[in-house]
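The values are calculated or read from the model by the stated rules, or taken from the named source; none is laboratory data. Predicted model, so just to flag it, every value in this text is computed and none were measured. Positions of Cβ are generated from backbone atoms using ideal geometry, with glycine treated the same way; all protein chains shown enter the neighbour counts.
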Amino acid sequence: MPGHDFRLPVLARNRLRAELRKHPEITKHLTADTVNGLAKGELLALADKLGIDVKAIIADVQKVPSAGLHGWPMGFVVETVEIRNVKVLSEQLFKQMQAPFWDKMRLESETSSMETE
């Protein structure tokens, strides 16, 4: 796999690790923990050396509709998260968080009243 210029989704990476862990050459020389700790480039280089078809693993993983947490497909990447509701349990912390807002509002109000006088 010269260049390793393709994406290796999490599910495919895990499947590749599983293939490597059960490969006879790996079981002679490396522990499962060592295989689990390999980075993407190392996994791909090792797979290439052992003749494991990584592109076939990726293709296989992409066509299997396996549901993960909350029914989302495995390999799903969360890029942004919107928090809509937060409850601050500490009253003191809540007041400290609100202080800049109320200070700004008070300053705008005082400035406005001074301008009208």
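Inspect segment 79-89 for any residue being outside any helix (DSSP H, G or I), on the phi > 0 side of the Ramachandran plot and either hydrophobic (A, V, I, L, M, F, W, C) or at pLDDT below 85 (or both) and give the result as yes or no. No.
Within segment 1-60, the residues that satisfy the criterion of being free of Cβ contacts under 8 Å to residues at least 24 places away in the same chain, charged (D, E, K, R) and assigned to a helix (DSSP H, G or I) are 21, 22, 28, 33, 42, 49. Residues of segment 30-51 that are in contact with an Asp or Glu (Cβ under 8 Å, 6 or more places away or on another chain) and surrounded by fewer than 18 Cβ atoms within 10 Å (Cβ to Cβ): 50 alone.
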